[in-house]
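Please read the structure below before turning to the comments.
The values are calculated or read from the model by the stated rules, or taken from the named source; none is laboratory data. All values reported here derive from a predicted model rather than from experimental measurement. Don't worry about glycine lacking a Cβ; one is built from the backbone with ideal geometry, like all the others, and counts go over all protein chains shown.
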Amino acid sequence: MDTLRRHSLMILVLGSLVVTLAMGLRHGFGLFLEPMSAELGWGRGVFAFALAIQNLLWGLSQPFAGALADRYGAARAVVAGGALYALGLLFMGFSDSALGMTLSAGVLIGLGLSGTTFSVVLGAVGRAVAPEKRSMAMGIVSAAGSFGQFAMLPGTLGLLEWLGWSAALLAMGAIGALMLPLGALLRDRPAAAAAGDLPLREALDEAAGHRGFWLLCMGFFVCGFQVVFIGVHLPGYLYDNGIAVQVGSTVLALIGLFNIFGTYVAGWLGGRFSKPRLLSGIYLTRAVIITLFLMAPLSPTTTYLFGIAMGLLWLSTVPLTNGIVASVFGVQHLSMLGGIVFLFHQLGSFMGVWLGGYLYDLQGDYEVVWKLAILLGVMAAALHWWISEAPVQRELPQELEA
């Protein structure tokens, strides 16, 4: 029992460190939008398109990275993803064209994120801990990602101001390489075969025929749209309205700080209350907060309050969403099924970041995308209300029934 407990703790710690680095480095990308676009003569659409590709490929490759982790363990997925992530940051530092930016920040980092973030790591954690502790453990790992966003953002800004954008990205690539040794130590154990387990194809068919699975996917689309639009375009929105660049970096840091508490509390609440109803409340509250932010006079104070409020809700959807997948379908294919749900999150991320840049270049503001974020939040709240987290009922093989 002590050995099993130590193994679970090791998975939790190593997984948290990997997610801290992966999410912390990514959270500062919005700070590079203005200096790179200005120095290289790009419109904001070039930078936004590269990050949109990043989010799209992250989502498209996530089910495959998850399936690899489910079958062989998370270590291989994390090491491969960490290598691609570090290379992407290095090449991004040398990018001087739209194609180079798309291949580095878009393709390489997008593929790298699929092996180093929530679906792979939460799948490993979900298999390592007891079911009654699963929601809390997922909340802890999600909070680690939030801590990375808070703790590493000031460092990213410091590197940017000290070294300039190119050298800062090279330094971030060296930091990202730390995910390789951490991933190599993340030796989780793929779930042992149990009565009622399904082959991969049957597990996919089961999820495809489950109404709640698709409602969860559509809701997570909204999550991606909101958080990535805000994370990438909020600094530019503030800059356009005369708010200092330091305020933009501070509000992103506040989002990361309060996200630590939000995700931990969400994981704790998910073990005690209905996860779908909690998600409905989160999405509806997000819509209200964005509405109030747009209605209030824009100032550093209102911006900081917005960052605090959104931070409490930022990644609080992650442990609840993955917890529902585990509750309904079990942990055998958790990384893969969670990866499919996350694909929809990334489709939303693609739309949020790309549409923000496209409409800004077209109209000169973000008004339409802010309104879409509010409307989608209300829709997601309604969708989650109808999701059930009851486990699917499977017929046991006849030889087990006999």
### Query
Which of the residues belonging to the range 62-114 are free of Cβ contacts under 8 Å to residues at least 60 places away in the same chain and in a loop (DSSP other than H, G, I, E, B)?
S95, D96, S97
### Query
Of all residues in the range 352-398, how many are part of a helix (DSSP H, G or I), modelled with pLDDT under 85 and more than 30 Å from P199 (Cα to Cα)?
8
### E132 part of a helix (DSSP H, G or I), closer than 30 Å to R201 by Cα and of a type in the set (D, E, K, R)
yes
### Query
Is it fair to say G224 is over 21 Å from N55 (Cα atoms) and of a type outside the set (A, V, I, L, M, F, W, C)?
no
### Query
Hey, among the residues in the range 35-53 that are closer than 15 Å to L169 by Cβ and buried (at least 18 other Cβ atoms within 10 Å of the Cβ), which one's nearest to the chain's Cα centre (by Cα)?
L51
### Query
For the range 294-314, how many residues meet the condition of being surrounded by fewer than 19 Cβ atoms within 10 Å (Cβ to Cβ) and assigned to a helix (DSSP H, G or I)?
8
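Condition check ((1) among the β-branched types (V, I, T); (2) in contact with a strand residue (DSSP E or B) (Cβ under 9 Å, 6 or more places away or on another chain); (3) farther than 18 Å from V318 by Cβ) across all residues:
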position	(1), (2), (3)
W42	no, no, yes
I53	yes, no, yes
P63	no, no, no
A83	no, no, yes
F94	no, no, yes
G100	no, no, yes
G123	no, no, no
### Summary
Listed by first then second residue, the pairs whose first member lies in the range 36-47 and is at pLDDT 80 or above, whose partner is of a type in the set (K, R), with beta carbons under 9 Å and at least 6 positions apart or on separate chains, are S37/R44
### Query
Are any of the residues in the range 325-343 surrounded by 16 or more Cβ atoms within 10 Å (Cβ to Cβ), of a type in the set (F, W, Y), within 20 Å of the chain's Cα centre (by Cα) and assigned to a helix (DSSP H, G or I)?
yes
### Message
Cβ-Cβ distance below 7 Å, separation of 6 or more or different chains: which pairs start in the range 375-395 with a residue that is more than 18 Å from F273 (Cα to Cα) and loosely packed, with under 15 Cβ neighbours inside 10 Å and end on one that is at pLDDT below 90 and among the basic types (K, R)?
### Response
none
